[in-house]
Amino acid sequence: MREAAIVSEPNPLQRIPGVAMVLVLLIALFSVIAPGFLSVANLSNVLVQSTILTMLALPMTLIIMTEGLDLSMGAVLTLTSLCVAIVSLATKSMLLGLGAGLLVGTAFGIANGWLVAILGIPPFVATLGTLGMAQGLSLIVSDGQSVVGIPHSVRDIYSATLLGIPVPIVMALVTYAAFHGLLYHTRFGTYIFALGGNREALRYAGLSPNRLLIAVYAIGGAMAGIAGLLMTARMNSGHPTAGLGLEFDAIAAVAVGGTSFERGNGWLLGTLLGVLSVGVLRNGLNLISLPSSVQVASVGVLVIVALFLDGLRSRA
Amino acid sequence: MTDITKDAIAPPRSFLSQDAIQLFYRLLAALLICAVLAVLSDSFLSLGNILNVLRQASLTFFIASGLTLVVLTAGLDLSVGANVALSACIAGTVIHKTGSPALGILTGLACGGIVGLLNGIMVTALRIPSFIATYGMLWVLNGLTYWYMAGETLHGFPAGFRQIGSGYLFGLPIPVYLLLVFLGIGTLFAQRTIWGQEIYAIGANPVAARLSGIPVARRLLLVYTVSGTMAGLASIIFLSRLNSAEADIGESLTLPAIAAVLIGGTSLFGGVGTVFGTFIGALILTLVLNGMNLLSVSANWQPLVTGIIVILAVWLDMKTRRRTQ
């Protein structure tokens, strides 16, 4: 059943059609039925709005490649976003805020990895537990209220541009490049493939699968910390329920992008296209003035269809 | 302890089965929590509070009992909370439109059951891992409910209907009677019927179950449908207790239900656990949350505590099993 071989380069021809076709179909559909969809302003809006999701979906790809899952990511993002807001409000320093977000996010990531790797708790239940913990901590530190009055230095990150490109997009591109380099061009990346495909081989090679697994979850937590900064900047406040459910969009992007839940192979470019598919779907439904509830439901349908197709392919 | 090889040759005989001992520990834990709370808070032992705990525990139990069957097959149903919300909103609308509580109750149960059946189809026919399939379903249902309600609140139901959730019979809340009925039905079904035993077999070893001729797919469909229907039942109790329905009532229900199942000793890996254990689990969880409430801990702490309890319960379960095997 499992592919035992360590695959370092995926076979793109086999997978491009799926997710790229979804994206092209969605773009074609909305450019016909949604007025203003194809305008430059709207398309750049889609890109900017997809940046937070990109930062969650890329580490989620790595986690799913290890046959894991992180349901806590949205709740941890909410918590780190609040930490950024509270610390930057108290110290007037954007960097200290980011540091606090990174610290809390990484701590949660390490906790997730520890529960999964060392205690051997199934990932979806371990991270469901930490989801509750992060959600509870968000309510406790904010007392259920929004945190407002964020310094300009934080807010400006979302609206600033670098060489004419919005800073969030630059951050997302840098993140993608970093993940691409990490997964396809370092030894650590090869180990990640092995974590899902052949854990025994890692052990025979004298490596500790547990430590690698913790590192993968820690990366997820740290990325939630960085995304927390963008989240706070985007809303110009910290809110105790802001990021809840975003992990689902991330899982959707990974599933649509063709990363398999059972065979330890993942595809980062596919995840990026998956993120854009989710972004286009939500934006397009928004333009034809369907409420956000319908967008949530349609992303759910998208995931189930993608998983069904993945199941068909794996059996074929 | 004893020599390993000796253990392997002659397993230690004990008066009680391993499962009974596990249950006994859990009852002991519940009593211990009661004792601590009785010392810490004056109002804990009041009749009003005890009935309140039982009523709360029964709400968690309805959702968790169906979920127990799913977990026994080594599956998981993450959509139960969202299912309660959708079923409550649809049942509420039907009662408002037709004025007939009976029709509303039937619609709520049917809605829950259909959602459960769809979960079962995704798991069996489409072969999507259950936690992902039901997680997708969670968001589909959430979206549908918010869209359907469009920010409205349904309020005000016939007095007779409200008796189901808030009425009393011989001094006990009516949900407590329902709890006893479903505890009995659930236990009999799981322990004393062939279907129940087949569910344990599927969870313990799906391949062996299939090879020995158990219709695995049909039993799984049944289990997910039961879980959904129980969520539908819980939605009726909620509706009549709160006397209102909103799109967000289900959001805080899934984690406690899973916690109750796991505290009750049902193993996530399938094949081990009882409906009675889940009842004890629901009781323990409710006691802890009720105690926090009595000691005036802010409700904001509840998700944190429930999350910690979920992880602790799984960890303890895995630890004890590893030792006994």
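A compact table of results
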{"item": "Inverse of mean 1/r across different Cα pairs in chain B, Kirkwood, Å", "result": "20.4"}
{"item": "Whole-angstrom Cα spans of region A:16-96 along principal axes, big to small", "result": "48, 37, 17"}
{"item": "Size of charge dipole - region B:45-324 - debye, nearest 20, with Cβ of Lys, Arg +1 and Asp, Glu -1, no other charges", "result": "660"}
{"item": "Cα-centre dipole for the protein assembly as shown with unit charges at Cβ (Lys and Arg positive, Asp and Glu negative), debye to 20", "result": "840"}
{"item": "Directionally averaged shadow of region A:2-315, computed from the convex hull of its alpha-carbon atoms, nm²", "result": "16.0"}
{"item": "Furthest towards positive pole of dipole, A:Thr232, A:Leu246, B:Thr286, structure part the protein assembly as shown, Cβ charges", "result": "B:Thr286"}
{"item": "Rounded to the nearest 20 debye, dipole of chain A from Cβ charges on Lys, Arg, Asp, Glu", "result": "240"}
{"item": "Theoretical ellipticity at 222 nm over the protein assembly as shown - DSSP helices of four or more residues, -39500 (n - 2.57) apiece, nearest 500", "result": "-25000 deg cm²/dmol"}
{"item": "Label-point separation in nm, A:Ala160 to B:Asp19, each point 7 Å along Cα→Cβ", "result": "6.3"}
{"item": "Whole-Hz ³J(HN,Hα) from phi, Karplus 6.51 cos²θ - 1.76 cosθ + 1.60, for region B:144-149, glycine and proline x", "result": "4, 5, 5, 5, 5, 7"}
{"item": "Computed over region B:174-257, Kirkwood Rh from alpha-carbon pairs, angstrom", "result": "14.9"}
{"item": "Along chain B, longest interval not containing exposed chymotrypsin sites (Phe, Trp or Tyr not before Pro), exposed being DSSP loop plus at most 15 other Cβ atoms within 10 Å", "result": "B:16-169"}
{"item": "Distant-in-sequence amide H partners of A:Gly245 (H built 1.01 Å from N, under 5 Å)", "result": "A:Gly74, A:Ala75"}
{"item": "From phi via Karplus (6.51, -1.76, 1.60), per-residue ³J(HN,Hα) for region B:296-309 in Hz, x at Gly/Pro", "result": "6, 7, 4, 4, 4, 7, 4, x, 4, 5, 4, x, 4, 4"}
{"item": "Spherically averaged projected area of the protein assembly as shown from its Cα convex hull (nm²)", "result": "31.8"}
{"item": "Of B:Phe44, B:Tyr25, A:Asn112, farthest towards positive along the dipole that unit charges on Lys, Arg, Asp, Glu beta carbons give the protein assembly as shown", "result": "B:Tyr25"}
{"item": "Amide hydrogen neighbours beyond the local backbone of A:Val147, cut-off 5 Å, H modeled", "result": "A:Gly238, A:His239"}
{"item": "Long-range HN-HN contacts of B:Val272 with modeled amide H, under 5 Å", "result": "B:Ser267"}
{"item": "Karplus 3J(HN,Hα) series, Hz, for region B:200-209 with 6.51 cos²θ - 1.76 cosθ + 1.60 (x for Gly, Pro)", "result": "4, 5, 4, x, 6, 7, x, 5, 4, 4"}
{"item": "Diffusion coefficient, µm² s⁻¹, Stokes-Einstein with Kirkwood Rh over alpha-carbon pairs of region A:185-316 at 37 °C and 0.692 mPa s", "result": "194"}
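Rule-based calculations on the coordinates, nothing more; no lab input. Everything numeric in this text was worked out from a predicted model, so none of it was measured. Quick reminder, even Gly has a Cβ in these numbers, built from the backbone with ideal geometry, and neighbours come from all protein chains shown.
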